[in-house]
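The values are calculated or read from the model by the stated rules, or taken from the named source; none is laboratory data. A quick note: this is a predicted structure, and the numbers were derived from the prediction, not measured. Note: ideal-geometry Cβ built from the backbone for every residue, glycine included; neighbour counts use all protein chains shown.
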Amino acid sequence: MISFKNLFKSLFILAVFAGAVYYSIGIIQHRQNIMSFEEYEPASSLVVEQNITKKAKFPFVDVHSHLWDTPVRDLDKLVGEMDELNMAYIVNLSGSGFGPQAAKDLYLNESLKNIAENQPGRIGLFVNVDFNSVDNEKDVETQVNIIRDAVAKGAIGLKVYKSLGLTNKDSKGNRVAVDDPRLGPIWDVCGELGIPVLIHSADPFPFWQPKDEKNERWYELKEKPNRFYGESDFIPPFEDIIGEQHRMFKRHPNTTFINAHLGWLAHDLDRLGRHLDEHPNVVTEFGAVIAELGRQPIAARKFMIKYQDRIMFGKDTYKKEEYYLYFRVLETNDEYFNYFRKRHAFWKMYGLGLPDEVLKKIYYENALNLFPSISRKLILK
């Protein structure tokens, strides 16, 4: 039988040995200059012009944001920050929150109430619906009525999350495709009511590629492993989901769709341009993908100028300081500056230096044309 004294002595020796090994590894790493990709953050030696832009050159409308606490949020504080950024209007796409329908209804009503009582005219809400009961005709009709009711109360659009096409299932456990014809009444009622549908389908295509040294999103997949779809038996390939989305756009020409995140095609702007050419009822925005534009300034500038009538400003996650980079990419000619989140962009950014007439369209004119409820007095002061 091992005595307590011998056990303690053994554990002590093991701890000393482990500490010695750990210390030795540290010494070796230091001498051999070994570090991880995550640790490597070199300071640029370039001496170039820097324009840290904390306020947009023109008033702008953010058509892609998520304000999850809208029913209880201090909207005066939010609008104060918006004024500092020169943001005239913000669209909260998560207007119905989450949970069962009763909770969604309460969330939407309380959000509308908070806005009406504290900051009317500065914040818009999109309604959200459920796609899990597509094989129940009455349920689809229910979602249509939810949209009608929300618009009557003041909602200005429908937001569709990426779960449609990725994870939504019908009652039999089958994946609900983006272009499932049974969802047609939902898209049609939005066209009838004159509200846009902002839809996020799929995700960046490297999420389907092998997680190896060739994958440009390796670091993001390391930090967020649940974003890897390449080995799923349920989720189809990237191109299948994108194809479903594009077919759905074609089937409903009387509905305006905002293809979120540049349709996840910002890595191939020629293809994105062809997509816009083929679908006149589609516009887009660059929420969470400004890094894709900032790393290809020559091609991106040409694209933004050519499609200036089809692009709106979007940010996605609301964080005041992160808007500065968006302004810098769009407005300046700065070179070689950092993005604010390494897992989205380990590369450097460059300014596009867009002309004022293009900036005005992207910042506010296109949004005003799409959302007639936004007061022009907010912008054309």
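Details
- Residues in the stretch 352-381 that are exposed (fewer than 14 other Cβ atoms within 10 Å of the Cβ) and part of a helix (DSSP H, G or I): 5 in all.
- Subset of the stretch 186-214 (residues that are surrounded by fewer than 20 Cβ atoms within 10 Å (Cβ to Cβ) and over 19 Å from Y161 (Cβ atoms)): D188, G191, E192, L193, G194, Q209, P210, K211, D212, E213, K214
- Here L164 meets the list (1) part of a loop (DSSP other than H, G, I, E, B); (2) without any contact (Cβ under 8 Å) to a residue 40 or more places away in the chain almost entirely, failing just condition (1).
- Failed item in (1) under 29 Å from M312 (Cβ atoms); (2) touching a helix residue (DSSP H, G or I) at 6+ places or on another chain (Cβ under 7 Å), with F228 passing the rest: (1)
- Inspection of the stretch 339-351 finds no residue satisfying the criterion of being surrounded by 21 or more Cβ atoms within 10 Å (Cβ to Cβ), in a helix (DSSP H, G or I) and not hydroxyl-bearing (S, T, Y).
- Positions within the stretch 169-185 being part of a loop (DSSP other than H, G, I, E, B) and either touching a strand residue (DSSP E or B) at 6+ places or on another chain (Cβ under 7 Å) or not assigned by TED's automatic domain parsing to the domain that holds A202 (or both), in sequence order: V176
- Taking the stretch 141-191 as the range and being closer than 25 Å to W264 by Cβ and among the hydroxyl-bearing types (S, T, Y) as the test, the residues that pass are Y161, S163, T167.
- Failed criterion for P120 (all others in (1) in contact with a Phe, Trp or Tyr (Cβ under 6 Å, 6 or more places away or on another chain); (2) surrounded by fewer than 18 Cβ atoms within 10 Å (Cβ to Cβ) hold): (1)
- Candidates G95, G154 - the one that is of a type outside the set (A, V, I, L, M, F, W, C), in contact with a helix residue (DSSP H, G or I) (Cβ under 6 Å, 6 or more places away or on another chain) and surrounded by fewer than 22 Cβ atoms within 10 Å (Cβ to Cβ): G154
- Candidate set from the stretch 245-258 (those that are buried (at least 19 other Cβ atoms within 10 Å of the Cβ) and touching a helix residue (DSSP H, G or I) at 6+ places or on another chain (Cβ under 6 Å)); member that is farthest from H64 (Cα to Cα): H252
- Sole residue being farther than 23 Å from Y161 by Cα, of a type outside the set (S, T, Y) and either outside the structural domain of A345 (by TED's automatic domain parsing) or at pLDDT 95 or above (or both), chosen from K306, K250: K306
- Of all residues making up the stretch 309-356, the number that are in contact (Cβ under 8 Å) with a residue 24 or more places away in the chain and either among the polar types (S, T, N, Q) or not assigned by TED's automatic domain parsing to the domain that holds A266 (or both): 3
- Within the stretch 130-156, the set of residues being without any contact (Cβ under 8 Å) to a residue 40 or more places away in the chain and within 23 Å of the chain's Cα centre (by Cα) comprises just one member, D130.
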